[in-house]
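The values are calculated or read from the model by the stated rules, or taken from the named source; none is laboratory data. Computed from a predicted structure; not experimentally measured. Cβ: placed from backbone, ideal geometry, glycine included. Neighbour counts: every protein chain shown.
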Ligand SMILES: [Zn+2]
């Protein structure tokens, strides 16, 4: 999925564990759940517009990804200060692409063949857990049957719908956590 979706999920996960009194435990639970959320959401990515290669000649691709980049900045600015741990772990596997695309750029710029970080290792680790650890593996195998709409620009609607649902969930959690007004006597 796109970064705003991962950021928002990290925020919701960290917020959900705010009630845990032991801060280290809350941090650990946030880190594990947020990391695993990335693998889950990336399995749903088949339902969204997500071509494997960038297409800088397509106005639709460029427009959509510019919008996503702007939304990423807005979401990060909004929630980084309070929910950085959830955000870091929810987005962590995408560090893979920094290394992989960084290596491709270095190879192209200097006409070399650096083989460093040849595979998306963090995604592979996350995916391995989803594929092999029950009950996650049961969910993963069901999600694997989803049709692939990655090439269909209209499928970006599913990403927007998911973001809308996540924003609603965040709103409901926030309302639920708000301390009740005490009646002044
Ligand atoms: Zn990813």
Original post:
Is it the case that some residue within segment 144-157 is farther than 25 Å from residue 61 by Cβ and assigned to a helix (DSSP H, G or I)?
Top reply: no
Original post:
Of everything in segment 104-124 that's part of a helix (DSSP H, G or I) and away from the ligand (no atom under 16 Å from the Cβ), which residue is farthest from residue 93 (Cα to Cα)?
Top reply: 110
Subject >> The listed residue being within 30 Å of residue 178 (Cα to Cα) and touching a helix residue (DSSP H, G or I) at 6+ places or on another chain (Cβ under 8 Å), out of 25, 8, 44, 29 >> reply: 8
Original post:
Hey, does segment 39-50 have a residue that's surrounded by 14 or more Cβ atoms within 10 Å (Cβ to Cβ) and farther than 23 Å from residue 143 by Cα?
Top reply: no
Original post:
Can you name the residue in segment 125-137 that is more than 16 Å from the ligand (Cβ to nearest atom) and surrounded by 11 or more Cβ atoms within 10 Å (Cβ to Cβ) and is also nearest to residue 6 (Cα to Cα) among such residues?
Top reply: 136
Original post:
Out of (1) at pLDDT 90 or above; (2) farther than 17 Å from residue 33 by Cβ; (3) outside any loop (DSSP other than H, G, I, E, B), the odd one out for residue 173 is which?
Top reply: (2)
Original post:
With (1) within 22 Å of residue 152 (Cβ to Cβ); (2) away from the ligand (no atom under 16 Å from the Cβ); (3) buried (at least 18 other Cβ atoms within 10 Å of the Cβ) as the list, and residue 30 as the residue in question, which single condition is left unmet?
Top reply: (1)
**OP:** Test each condition in (1) within 16 Å of the ligand (Cβ to nearest atom); (2) touching a residue at least 24 places away in the same chain (Cβ under 8 Å); (3) not in a helix (DSSP H, G or I) for residue 18 and report the one that comes out false.
**Re:** (1)
Original post:
If you scan segment 93-124, which residues turn out to be crowded, with 16+ Cβ neighbours inside 10 Å, without any contact (Cβ under 8 Å) to a residue 60 or more places away in the chain and touching a helix residue (DSSP H, G or I) at 6+ places or on another chain (Cβ under 6 Å)?
Top reply: 93, 96, 120, 122
Subject >> Residues located in segment 1-11, provided they are surrounded by 22 or more Cβ atoms within 10 Å (Cβ to Cβ) and either assigned to a helix (DSSP H, G or I) or without any contact (Cβ under 8 Å) to a residue 12 or more places away in the chain (or both) >> reply: 4, 5, 6, 7, 8, 9, 10, 11
Original post:
within 16 Å of the ligand (Cβ to nearest atom), over 22 Å from residue 151 (Cβ atoms) and part of a helix (DSSP H, G or I): does that describe residue 100?
Top reply: no
**OP:** Identify, by number, the condition in (1) outside any helix (DSSP H, G or I); (2) within 16 Å of the ligand (Cβ to nearest atom); (3) out of contact with any helix residue (DSSP H, G or I) (no Cβ under 6 Å at 6 or more places or on another chain) that residue 57 doesn't meet.
**Re:** (2)
Original post:
If only one of 44, 92 is within 12 Å of the ligand (Cβ to nearest atom), within 17 Å of the chain's Cα centre (by Cα) and modelled with pLDDT of 95 or more, which one is it?
Top reply: 92
